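Chemist: After the structure tokens below, expect a handful of questions from me.
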Amino acid sequence: MLIDSLTDDITEDQVVVGEGNRDGLPRSLEANCQAYGLRAFKLKIGGDAAASLDRLSEIAAVLDRSAMPYMCTLDGNEQFAMPEEFEALWLQMKAVPHLKRFVASIAYVEQPIARKFAMSVPLGRFGERTAVEIDESDANIDAFPKARSLGYRGVSSKSCKGVYRSLLNRCRAEHWNAQVGVDQFFLSAEDLCTQVGTALEQDLALAALIGCTDIERNGYQYGDGMAGCQQAEREAVVARRPDLYRLEGNRANLRIVEGTLSPT
């Protein structure tokens, strides 16, 4: 899954040649899609509705070039104080003809409400119509049940918040789904800044254990392919798991084929 940070280049013509592009890896959304066959995307939006619509339109234009189905999640990134504010943007998105396929691809919305308000304000009708999860508001072991009472259906799993919390939340979701007779409650997974090597492999194992087949992967990019390690270390990691990593120059990068990491 690819994360869009609100500043990433969308098309190749937006890339400034030579500007921080020392590793030779694709930078734009367009180039990443071509290089890795990406099919799942996490996209951030800001609090400016007009700017968000413009940016999402640019992104949709790139994603819609492929006839293959794709899936998106929309990260509200705590940009809204009240559910009604985000719902207004959501309705604008649904009203734009060229965003029809894009909006239909959105699996859930992540934490649109600022944490200052999120755990005290019910989502209301928007939560009834749309799958919304907490992320930043998942501050303690009791956050998911509290969020559920406000209309949230999901919670984000991160290794840094503890393996046992993820396992407990998985059990909660399964129990609640059994009660209502439908898979309504869910967990998503993201790596935050998990680095290549043992930490990343443990993180992938946790995601698989809780049933998350799609996971936000971006931490390894910020680690620059184990740049802080000796070359022999990088080579050893790649040699141990060539299905998961590949050596590109002196960097140990993830092996991504058709948007997928190693199935093993």
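The values are calculated or read from the model by the stated rules, or taken from the named source; none is laboratory data. Note that the structure is a prediction, hence the values are computed from the model and not measured. Don't worry about glycine lacking a Cβ; one is built from the backbone with ideal geometry, like all the others, and counts go over all protein chains shown. The accessibility values were calculated without ligands, DNA or RNA, using every heavy atom of the protein model including side chains. Shrake-Rupley method; radii C 1.70, N 1.55, O 1.52, S 1.80 Å.
Chemist: Roughly what % of Cα-Cα distances in the range 138-220 sit above 21 Å, to the whole percent?
Modeler: That tail contains 27 percent of the Cα-Cα pairs.
Chemist: What relative contact order, as a whole-number percentage, does the chain give when Cα pairs under 8 Å and 6 or more residues apart are counted? Don't jump to the answer; show the numbers that get you there.
Modeler: On the way: 398 pairs, mean separation 38.4, N = 264.
Here the relative contact order equals 15 percent.
Chemist: Pairs of lysines 8 or more apart, or on different chains, with alpha carbons under 24 Å: count those in the chain, would you?
Modeler: Lysine pairs, 8 or more places apart or on different chains, close enough: 15.
Chemist: Probe of 1.4 angstrom, ligands and nucleic acids ignored: what's the accessible area per residue over the range 74-136, in square angstrom?
Modeler: 46 Å²
Chemist: Using the Cα centre of the chain as the reference point, and only Cβ charges (+1 on K/R, -1 on D/E), how large is the resulting charge dipole? Debye, rounded to the nearest 20. Walk me through the numbers before you get to the answer.
Modeler: Numbers: 29 positive and 38 negative charges, 142 e Å.
It works out to roughly 680 debye.
Chemist: Under the Karplus relation 6.51 cos²θ - 1.76 cosθ + 1.60, θ = phi - 60°, what is the ordered set of whole-Hz ³J(HN,Hα) values for the range 141-151, x standing for Gly and Pro?
Modeler: 5, 9, 5, 5, x, 4, 4, 4, 5, 9, x
Chemist: So, one more: Where does helix 49-63 land angle-wise versus the long Cα axis of the chain, in degrees 0 to 90, nearest 10?
Modeler: 50 degrees
Chemist: If you roll a 1.4 Å probe over the chain with all protein chains in place, what percent of the accessible area is carbon or sulfur?
Modeler: C and S fraction of accessible area: 54 percent.
Chemist: How much length would be gained if the chain were fully extended between Ala236 and Met82, taking 0.36 nm per residue of separation minus their Cα-Cα distance, in nm to one decimal?
Modeler: 50.5 nm
Chemist: Does the chain come out rounded, prolate or oblate, given a ≥ b ≥ c as the square roots of the eigenvalues of its C-alpha gyration tensor, rounded meaning a/c under 1.5 and, failing that, prolate meaning a/b above b/c?
Modeler: Oblate, because a/c is 1.5 or more while a/b does not exceed b/c.
Chemist: Stretched out fully, how many nm does the piece from Ser149 to Ser262 gain, at 0.36 nm a residue minus the Cα gap?
Modeler: Gain on stretching Ser149 to Ser262: 36.9 nm.
Chemist: Compute the acute angle (0 to 90°) between the alpha-carbon long axis of helix 231-240 and the principal axis of greatest extent of the alpha-carbon atoms of the chain; round to the nearest 10°.
Modeler: The answer is roughly 70 degrees.
Chemist: Would you please give the residues with an amide H less than 5 Å from that of Glu248, counting only those at least 5 places away or on a separate chain, with H modeled from the backbone geometry?
Modeler: Here the answer is Asn253, since their amide H atoms fall under 5 Å of that of Glu248.
Chemist: Put a dot 7 Å past each Cα toward the Cβ at Leu247 and Ala95; how far apart are the dots in nm?
Modeler: So the two model labels end up 5.7 nm from each other.
Chemist: In whole angstrom, how far apart do the alpha carbon centroids of the range 160-226 and the range 59-89 sit?
Modeler: If we compute the Cα centre of each part, the gap is 21 Å.
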